[in-house]
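Have a look at the structure below, then the notes.
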Amino acid sequence: MKTVIEETYEEMSRTAARMVAEEIRRKPSLVLGLATGGTPLGMYKELIRMHREEGLDFSEVITFNLDEYYGLSPEDEHSYHYYMHENFFKHINIKPENIHIPSGTATDIDKFCEEYDKEIQRVGGIDLQVLGIGRNGHIGFNEPGDELITETHVTILTEETRMANARFFGNLNNVPQKAVTMGLGTIMKAKKILLLASGREKAVIMAELLSDTSVTTRVPASFLHLHPDTTVIIDREAAMELL
Ligand code: F6R
């Protein structure tokens, strides 16, 4: 695992965007795995700027998002569909048919999950997966536990995760109990992984992840130690507890 420490959130975001852009320029039909939440917002902003000012071309890029809240429709302003369109997709020249986000409302959700993984395989697998990390070490919505699930699946969110995300919903009661997420196997199959972490609330988990190379289902992100090409980009605040 390669680690890059940047001084500020903005620098972390620019470095991440530069790495994504480099991959797109190298392979215009890049299969790009994407995350939501607060962390990648700066990276999306910078990628939009690169599209507008430097002609970064998304016309052949194929995207797969990590997760979606179970029960939220794409029109719901708290859904990750809505987030992705508002914060990224509507500002770039990506083809709508190249965008994939797990459905939170599919009638046969298990079948949908199976299809989602198959679709990733059909396009040749994820070339570059962008990840954030939860304070409890979750990636996607693969929460700590006795076991982790390989494929895309429906998961129950921990109280900790619901509390952390209540800031987007105004109130804890409004945060869905479940989500649809890529599994650990789906994530680990990505050829390249970029994990971003920012702010002091991520300092403890980042110190744990980067100082201890053991792998445990109690810290889902620890599986990244087994991945051959993972780069972690963090800002100074998230690096605060590193020795
Ligand atoms: C989001 C996702 C989550 C977040 C994580 C951190 O698609 O998969 O794992 O990356 O919860 O969220 P923020 O960035 O809001 O701290």
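The values are calculated or read from the model by the stated rules, or taken from the named source; none is laboratory data. A quick note: this is a predicted structure, and the numbers were derived from the prediction, not measured. Backbone-built Cβ (ideal geometry, glycine too); neighbour counts: all protein chains shown.
Here are some notes:
- Meets criteria (in contact with a Leu (Cβ under 6 Å, 6 or more places away or on another chain), within 16 Å of the ligand (Cβ to nearest atom) and farther than 30 Å from THR213 by Cβ) for THR39: no
- Selected residue [part of a loop (DSSP other than H, G, I, E, B), without any contact (Cβ under 8 Å) to a residue 60 or more places away in the chain and either farther than 23 Å from GLU151 by Cβ or over 17 Å from the mean Cα position of the chain (by Cα) (or both)] from GLU97, GLU46, GLU10, GLU75: GLU75
- Restricting segment 121-154 to residues that are in contact with a Lys or Arg (Cβ under 8 Å, 6 or more places away or on another chain), away from the ligand (no atom under 11 Å from the Cβ) and not charged (D, E, K, R), the residue that is farthest from LEU224 (Cα to Cα): VAL154
- Considering segment 92-115, and only residues there that are within 23 Å of GLU23 (Cα to Cα) and either among the hydrophobic types (A, V, I, L, M, F, W, C) or within 16 Å of the ligand (Cβ to nearest atom) (or both), the residue that is surrounded by the most Cβ atoms within 10 Å (Cβ to Cβ) turns out to be ILE101.
- Selection status of THR186, under 23 Å from TYR70 (Cβ atoms), buried (at least 17 other Cβ atoms within 10 Å of the Cβ) and at pLDDT 95 or above: yes
- Tabulated pairs, segment 188-201, first closer than 19 Å to LEU32 by Cβ and away from the ligand (no atom under 12 Å from the Cβ), second aromatic (Phe, Trp, Tyr) and not in a strand (DSSP E or B), C-beta under 7 angstrom, 6+ apart or interchain: MET188/PHE223
- Per-region count, segment 202-216, residues in contact with a strand residue (DSSP E or B) (Cβ under 8 Å, 6 or more places away or on another chain) and more than 15 Å from the ligand (Cβ to nearest atom): 2
- Here PHE223 passes the criteria (1) without any contact (Cβ under 8 Å) to a residue 24 or more places away in the chain; (2) surrounded by 15 or more Cβ atoms within 10 Å (Cβ to Cβ) except the one numbered (1).
- Residue in segment 51-73 that is surrounded by 20 or more Cβ atoms within 10 Å (Cβ to Cβ), of a type in the set (Ser, Thr, Tyr) and touching a Gly at 6+ places or on another chain (Cβ under 7 Å) present: yes
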